[in-house]
1. Can you tell me which residues in the range 18-45 are more than 21 Å from Met140 (Cα to Cα), of a type in the set (A, V, I, L, M) and touching a strand residue (DSSP E or B) at 6+ places or on another chain (Cβ under 8 Å)?
2. Hey, could you check the range 268-296 for residues that are part of a helix (DSSP H, G or I) and touching a Phe, Trp or Tyr at 6+ places or on another chain (Cβ under 9 Å) and say which is farthest from Ala11 (Cα to Cα)?
3. Quickly run through the range 23-67 and pick out the residues that are of a type in the set (A, V, I, L, M) and within 27 Å of Thr113 (Cβ to Cβ).
4. Give Val292, Val225, Val231 a once-over and let me know the one that is aliphatic (A, V, I, L, M), over 22 Å from the mean Cα position of the chain (by Cα) and modelled with pLDDT of 90 or more.
5. Would you confirm, using the coordinates I've provided, whether Val146 is of a type in the set (Val, Ile, Thr) and surrounded by 24 or more Cβ atoms within 10 Å (Cβ to Cβ)?
6. Have a look at Gly185, Gly121, Gly173, Gly127 and point out the one that is out of contact with any helix residue (DSSP H, G or I) (no Cβ under 9 Å at 6 or more places or on another chain) and of a type outside the set (Val, Ile, Thr).
7. Search the range 93-111 for residues being of a type outside the set (Lys, Arg) and surrounded by 13 or more Cβ atoms within 10 Å (Cβ to Cβ), and hand back the single one that is farthest from Ile154 (Cα to Cα).
Amino acid sequence: MSSSSSSTPLATQPPPTPTYQLTYPAPYVILITINRPKQMNSLPYASHWEADALLQWFDSEPSLRVAVVTGSGRAFCAGQDLIEQRDLANLREAAARGDADAKAKLPDKRLLTHPPSGFMGISRRAGKKPVIAAVNGWAMGGGFEVCLGCDMIIASPQATFGLPEAMRGLYAGAGGLSRLVRLAGMTIASEIAMSGRFLSAQEAAQYAIANRVSKTHESCVGEAVELAAKVASLSPDAIVVTRHGLRQSWETASVERASQETELRYGAALRDGENLGIGLRAFAEKKQPQWVPSKL
C-alpha cells in the first residue's frame, strides 16, 4: 500500500509495499507506516524482505534524504509474527509425519530468514541515508531491534520498549543486543534482555536509547517528521558522509580506524562534489543553499 502525494517528485517508483503505507509529509522525507494494526504490526518473513527492498530503493532515490518509520494503531511493532511461526511449526510437524500436502505448502527455506539488513531491513542495516523511528506504542522484540538500528528515536509518551525473547526460550538475534549495550551500557542492557524488564518512553530517553519523548502521543510522528525535515534541509552529501562516520564509530572497535574508513570511502568525493561549493558560496553570500541530489 502506498501513496505518491510527494511534495518532491520521485525520480523512480518504490517497489510494491503491501505491508507498509508510504507517504511524503515534508520535502525529501518519506514516512513508512507499518500497516498491520490487528497484528500489533508484527511482521511475517515476507515483510522483512519487502522492507529491505524498500530501503534499498530509498537509498538510491535522489529525491529522498531521510526516512521516518512508525506503526499504525497502538503498536510500533510487536516483533516477529508468532501466528505465522506457529503455522509453520505445524506444517513442519505434519511434513515430518509424511503429510505430502503439508510438505508442498512449506515455503522455500530462503524465505524463512531475515535479509542481511535484519529485522524490517533496519536492525542490521548499513545503508546510506538516515532513518528516524517515531515509536508510537509497543516496540517489542524485533520491533525494539528496529528502533536500535535507526539513527534517531522520538518516543511517544505511551511507547514501551522490551526484548522478551528469553521469556519465550529465544534470544534477540537481529542485532539488538550489541547495539543496546553500546547505548545503555552492559548492566541496563542485561536487565532488559535477561529479566524481561520493559522500559517506558521516559526510561528509554533516560538511558540514551531515545532522543526524547514527544510532547503528546498525537505529536510523536509530527515531531519525528520535523526532525527529519531539519536533517533533510542540510547538504545530502554531508549527511551521507556524517552518518557513515557516526555509524563507523559506533560499529568499529577502533575510534581512529572508524575515522580513517569514512575518509577513505567518502572524503575525496565529498570535497569534489557540487554540494560543498554550493554550501560555501551560500555561506559567503549569506543565502540559503539550494542543494542538488547526492551522487555519493
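1. Of all residues in the range 18-45, those more than 21 Å from Met140 (Cα to Cα) come to 18, 22-30.
Now restrict to residues that are of a type in the set (A, V, I, L, M): 22, 26, 29-30.
Within the range 18-45, Leu22, Val29, Ile30 qualify.
2. So in the range 268-296, the residues part of a helix (DSSP H, G or I) come out as 268-272, 274-284.
Restricting the remaining residues to those that are touching a Phe, Trp or Tyr at 6+ places or on another chain (Cβ under 9 Å) gives 274-275, 278-279.
On the way: Glu274: 19, Asn275: 19, Ile278: 22, Gly279: 24 Å.
Within the range 268-296, the match that is farthest from Ala11 (Cα to Cα) is Gly279.
3. Residues of the range 23-67 that are of a type in the set (A, V, I, L, M), as a first pass: 26, 29-32, 34, 40, 43, 46, 51, 53-55, 64, 66-67.
Within the range 23-67, Ile30, Ile32, Ile34, Met40, Leu43, Ala46, Ala51, Ala53, Leu54, Leu55, Ala67 qualify.
4. Details: Val225 fails: over 22 Å from the mean Cα position of the chain (by Cα); Val231 fails: over 22 Å from the mean Cα position of the chain (by Cα).
Of Val292, Val225, Val231, the one residue that is aliphatic (A, V, I, L, M), over 22 Å from the mean Cα position of the chain (by Cα) and modelled with pLDDT of 90 or more is Val292.
5. Numbers: of a type in the set (Val, Ile, Thr): yes; surrounded by 24 or more Cβ atoms within 10 Å (Cβ to Cβ): yes.
Yes: the conditions hold for Val146.
6. On the way: Gly121 fails: out of contact with any helix residue (DSSP H, G or I) (no Cβ under 9 Å at 6 or more places or on another chain); Gly173 fails: out of contact with any helix residue (DSSP H, G or I) (no Cβ under 9 Å at 6 or more places or on another chain); Gly127 fails: out of contact with any helix residue (DSSP H, G or I) (no Cβ under 9 Å at 6 or more places or on another chain).
The conditions single out Gly185.
7. Initial filter on the range 93-111 (of a type outside the set (Lys, Arg)): 93-96, 98-102, 104, 106-108, 111.
Those still in the list that are surrounded by 13 or more Cβ atoms within 10 Å (Cβ to Cβ) too: 94-95, 99, 102, 106.
Details: Ala94: 44, Ala95: 45, Asp99: 48, Ala102: 44, Leu106: 39 Å.
Once the filter is applied, the top-ranked residue is Asp99.
Yes or no, residue by residue, for (1) within 28 Å of Glu165 (Cα to Cα); (2) surrounded by fewer than 21 Cβ atoms within 10 Å (Cβ to Cβ):
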position	(1), (2)
Glu191	yes, yes
Met194	yes, yes
Ala210	yes, no
Ala228	no, no
Leu234	no, yes
Ala253	yes, yes
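The values are calculated or read from the model by the stated rules, or taken from the named source; none is laboratory data. All figures in this text were calculated on a predicted structure; none of them were measured in a lab. All Cβ positions, even for glycine, are placed from backbone atoms using ideal geometry, and neighbour counts span all protein chains on display.
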